[in-house]
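Visitor: Just dropping this structure here.
The values are calculated or read from the model by the stated rules, or taken from the named source; none is laboratory data. Model, not experiment: these values are computed from the prediction. Positions of Cβ are backbone-derived with ideal geometry, glycine not excepted, and every protein chain shown enters the neighbour counts. Side chains are part of the model used for accessible areas, which takes the heavy atoms of the whole protein and leaves out ligands, DNA and RNA. Shrake-Rupley method; radii C 1.70, N 1.55, O 1.52, S 1.80 Å.
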Amino acid sequence: ADSTKLLRGGRPVETVLDLLRSTRRSELPLERMVAEGEGGVLLVEAGGPRPGVGCAGRGIIAAFEALKARRAFEIYRPDIVIFDVLGDVVCGGFAMPIREGWAKNVFIVTSGEGMALYAAKNIAQAVDTFAERGYAKLGGLILNRRDVPDERRKVEEAAAELHTEIVGDLPRSELVQRADEAGRALLLSDPQSPMAEAYRKLAQSILEICRQNAAAGLSGAGRRAFGIIPEAESDFA
């Protein structure tokens, strides 16, 4: 339950799976699954099984099914939907937002480290399979720098191999760690910093790609939705 922690102002949140375990499904209202965070952002944490027990992907599926049953998207009508999915979740949970038509554009966060790029390529191949079936499309790679040698060149070569591009380049900054320790999103703790501007630039790039794909008939039902898959580290969320 850490994907939204910097937008909660330190407040704890009940995950959908915890709620489903403790409450009868028929008695669980949508309002208990959705919390409002900083800036009016609506927050949902899927949760998961106890470490070492069960499948994390199954938890994601259960959360989506619960939200769908309560018509969450129709009721809240969000402008933008972001699904934060771990890159190593390759089972049904990874595919669920894509198969159900909730996510149409996938962005992979990676560094220039070898293992991160290896995983990014595998994820991109999976997304290509979905694209062939008319589902989600790979929107591009987001370079989340770890300051390894020739990092930009390595990620550019990976992007070329995957027939995509780098849509954002995030420098490594101590401000991110400081914001994390303070429990606030960097755009709130240091809104005028160069790092905050890098995030804004990335957001505009992502939005533009989503708009272009929507104009090309790739988005669903008037809703701009995209998934971000963090692969290299947890600095970006």
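Visitor: Name the one entry in 103, 185, 126, 158 that is of a type in the set (Gly, Ala, Ser), open to solvent by 10 Å² or more (accessible area, probe 1.4 Å) and either free of Cβ contacts under 8 Å to residues at least 60 places away in the same chain or touching a Pro at 6+ places or on another chain (Cβ under 7 Å) (or both).
Guide: 126
Visitor: Filter the range 28-46 for residues that are touching a strand residue (DSSP E or B) at 6+ places or on another chain (Cβ under 9 Å) and within 14 Å of residue 1 (Cβ to Cβ); which is most open to solvent (accessible area, probe 1.4 Å)?
Guide: For the range 28-46, the residue satisfying everything is 44.
Visitor: When residues of the range 129-154 are filtered for being more than 20 Å from residue 214 (Cβ to Cβ) and touching a Lys or Arg at 6+ places or on another chain (Cβ under 9 Å), how many remain?
Guide: The number of residues fulfilling the criteria is 8.
Visitor: Separate question: Can you tell me which condition residue 60 does not meet? The list is (1) at pLDDT 95 or above; (2) open to solvent by 20 Å² or more (accessible area, probe 1.4 Å), and all the others hold.
Guide: So residue 60 meets the others, but not (1).
Visitor: Could you tell me whether any residue of the range 79-89 is loosely packed, with under 15 Cβ neighbours inside 10 Å, at pLDDT 75 or above and within 17 Å of the chain's Cα centre (by Cα)?
Guide: So far as the range 79-89 goes, yes, one or more of its residues are loosely packed, with under 15 Cβ neighbours inside 10 Å, at pLDDT 75 or above and within 17 Å of the chain's Cα centre (by Cα).
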